[in-house]
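Below is one structure, written out as structure tokens; the observations come after it.
The values are calculated or read from the model by the stated rules, or taken from the named source; none is laboratory data. Owing to the predicted nature of the structure, the values given are computational and were not obtained by experimental measurement. A quick note on method: Cβ atoms are made from the backbone with ideal geometry, for glycine too, and the neighbour counts reach across all protein chains shown.
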Amino acid sequence: MRKKDFDNLVGSIREAGKIRRGEMKPSRVTEFYAADVRTIRQRLGKSQSEFARMIGVSVATLQNWEQGPLPSWGTGTRPVKGRGGKSSAGRGCARSVKRLKPREVRSS
């Protein structure tokens, strides 16, 4: 590797460190939306596990990205009453609701 190229690489790594620590703002930000991630993976002909491994994330993270934003559960939402006035929401539903809580979005 030529010295000029190596010095450029070292400078880029130092800049990335400053951005990560919040000492500097990135010069550009690229956003991919759920449909984009799925389309890219499908065009490459990769399974979710293969693609997740390629980009260095867990399969669960990739699945969350491909699923996209989750529906908003308003404050007026309540379980549907079944026979005898009891809620039809069983243990399985409670677990599902926990999974549907909004995810935190971390910014760099």
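In region 11-36, of all residues being of a type in the set (A, V, I, L, M, F, W, C) and assigned to a helix (DSSP H, G or I), the one that is modelled with the lowest pLDDT corresponds to Ala34. Count of region 57-71 residues, restricted to those that are under 18 Å from Glu31 (Cβ atoms), part of a loop (DSSP other than H, G, I, E, B) and modelled with pLDDT of 85 or more, is 1.
Thr39 meets all of the listed conditions (1) surrounded by 10 or more Cβ atoms within 10 Å (Cβ to Cβ); (2) modelled with pLDDT under 55 but one, namely (2). Of all residues in region 4-31, those being under 30 Å from Gly68 (Cβ atoms) and loosely packed, with under 11 Cβ neighbours inside 10 Å number 7.
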